[in-house]
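Take a look at the structure set out below.
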Amino acid sequence: MTTQNDGYYEAYWPRGELQQRTMELAPRLPDLNGKRIAQIWDELFKGDLVFEMLEEGLRARYPDVEFVSWREFGSTHGAHEKEALQALPGKLRSRGVDAVISGMAC
């Protein structure tokens, strides 16, 4: 049996309903001198080397910048990533962090 549809077909959007509200980004820091920058990493793909290079480059441009090592925060990946991410805002506040560099492998 054939049906005449005159070129009209019903279609469904493949995405589900939006589950997360969007938020405005934090304002960009005008200068990194005198700021504390946290390094957050999932401990995959050479982040330790990348953070060393970033520190060197940023210190050359902003001599008074301070870094809080990824070692203080632990991995953001793996069996305990949910707990690690939930604890992150408190850890950042307690260390007086002004900005974050988040590194992850892909």
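When restricted to residues that are of a type in the set (Gly, Ala, Ser), over 18 Å from LYS35 (Cβ atoms) and over 13 Å from the mean Cα position of the chain (by Cα), segment 60-83 contains 3.
Pairs please, first residue from segment 44-64 and modelled with pLDDT of 85 or more, second anywhere and of a type in the set (Val, Ile, Thr) and not in a helix (DSSP H, G or I), Cβ atoms under 7 Å, 6+ apart in sequence or on different chains. Qualifying pairs under 7 Å: LEU54/ILE101; LEU58/VAL65; ARG59/VAL65.
Candidates LEU32, LEU85, LEU58: the one that is out of contact with any His (no Cβ under 8 Å at 6 or more places or on another chain), over 18 Å from GLY103 (Cα atoms) and surrounded by 10 or more Cβ atoms within 10 Å (Cβ to Cβ) is LEU32. Is it the case that GLU43 is on the phi > 0 side of the Ramachandran plot and surrounded by 15 or more Cβ atoms within 10 Å (Cβ to Cβ)? Against the criterion (on the phi > 0 side of the Ramachandran plot and surrounded by 15 or more Cβ atoms within 10 Å (Cβ to Cβ)), GLU43 qualifies.
The values are calculated or read from the model by the stated rules, or taken from the named source; none is laboratory data. Fair warning: this is a prediction, and the values are worked out from it, not measured in the lab. FYI the Cβ positions are ideal-geometry reconstructions off the backbone, even for glycines, and counts take in every protein chain you see.
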